Ligand code: GUN
């Protein structure tokens, strides 16, 4: 992709992974230290299986040590918590990731809370969420962290800009708003959600628009202003009989319509998506190096 309007997440994530790989080689050679990541997958959710496999592959490629515990659907909360306690104590493990969603009989919040916040490379533990909200060093959730890195590496000015986030999920909307608000990023932030009245009125004010709603092509051309930078977090399957698979992937933004007006835009796929795993690896490397000031 040579189009300078397009923020190429594939290229940027590959650059980050290459940087990490070099750092890991150095860390091994100089300190005999290998970053270690533990994955836990409960049940047979097909998407979760694919994600965990991709994350394990990234560990192999970058020279990380990794362990994957694949547990059956009927695993008790107690058994899962016991694995977490074991990994909390394991000196070879610097990051713990329990793939979500979990089966209904397991309390997700209780599980996240059981992970040592110093190994919570997902950035979902309430201690990390709280620390982020008061701008104290912590793990940042991987997708929001990836968004900040895309903006930085694409040379987008954030200071004093109006960033409008559409969506208030705990995984993307809220943490990305906190990150944009940090002193070091310094944007003015507005969060819109499903109960917001006249969303277009607000999104048209955005210098940076982050769409994370999970509704295909929700953001239309008449909802943005000229020159906006658009970050599209959506990955939606929509039926398309003209494709071999019978569906295509589309973001939360009407790409064709918005491309013309935007100064920069992320494509789907190949924008935000590839950044998540790269930032997970970055968080684990930071953890292994003791870089975060807890
Ligand atoms: N499920 C979907 N996204 C994520 C993620 O970023 N981390 C975990 N642990 N589970 C997920």
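We did not get these values from a lab; they are worked out from the coordinates using the rules stated. Not measured: the values here are computed from a predicted model. As a convention, Cβ positions derive from the backbone with ideal geometry for all residues, glycine included, and neighbour counts pool all protein chains shown.
The radius of gyration of the Cα set in segment 1-139, together with its Dmax, comes out at 16.8, 52 angstrom. The alpha carbon centroids of segment 104-138 and segment 68-96 are separated by 15 Å.
Counting helices only, and only those DSSP H runs with n ≥ 4, report the 222 nm mean residue ellipticity of the chain as the sum of -39,500 (n - 2.57) divided by its residues, in deg cm²/dmol to the nearest 500.
The helix contribution divided over the chain gives -12000 deg cm²/dmol.
In terms of its alpha-carbon gyration tensor, the chain comes out prolate; a/c meets the 1.5 threshold, and the first ratio a/b outweighs b/c. Packing here is the average count of other Cβ atoms within 10 Å per residue, and on that basis the peptides 85-96, 258-269, highest first, run 258-269, 85-96.
When the Cα atoms of segment 25-67 are aligned to their principal axes, the ranges along those axes come out at 40, 15, 7 Å in descending order. The ranking of 62, 81 from fewest to most other beta carbons within 10 Å of each one's beta carbon is 81, 62.
Return the FRET efficiency for the residue pair residue 222, residue 78: r is the Cβ-Cβ distance, R0 is 35 Å, and the value is rounded to the nearest 0.05.
Working: r = 53 Å, r/R0 = 1.52.
The calculated FRET efficiency here is 0.10.
The alpha carbon gyration tensor of segment 8-48 gives principal lengths a ≥ b ≥ c with a/c of 1.5 or higher and a/b no greater than b/c, which makes the shape oblate. Based on the alpha-carbon gyration tensor of segment 178-294 and its eigenvalue square roots a ≥ b ≥ c, which shape applies: rounded if a/c is under 1.5, prolate if not and a/b is larger than b/c, or oblate? Judged from the Cα gyration tensor, segment 178-294 comes out oblate (a/c at least 1.5, b/c at or above a/b). For the chain, the relative contact order comes to 21 percent (Cα pairs under 8 Å, sequence separation of at least 6).
Could you give the alpha-carbon Rg of segment 151-203 over 2.2 N^0.38 Å, rounded to two decimals? Could you put the intermediate results ahead of the total?
Numbers: Rg = 11.5 Å, N = 53, 2.2 N^0.38 = 9.9 Å.
With N residues counted in segment 151-203, Rg over 2.2 N^0.38 Å equals 1.16.
Run through the DSSP bridge list for segment 191-259 and note the antiparallel percent, rounded to the nearest 5.
Working: 4 of 9 bridges.
The antiparallel proportion sits near 45 percent.
Secondary structure note: in segment 176-293, about 35% of the DSSP beta bridges are antiparallel. Of all DSSP beta bridges confined to the chain, the antiparallel ones make up roughly 10%. Considering segment 117-206 at the alpha-carbon level, its Rg and Dmax are found to be 13.3, 41 Å. Between residue 256 and residue 3, the modelled labels are 1.2 nm apart [label points 7 Å from Cα along Cα→Cβ]. If the chain linking residue 184 and residue 50 were pulled fully straight, counting 0.36 nm for each residue of separation and taking away their Cα-Cα distance, it would gain 44.8 nm. The label-point distance for residue 113 and residue 134, in a model that sets each label 7 Å from Cα toward Cβ, rounds to 1.9 nm.
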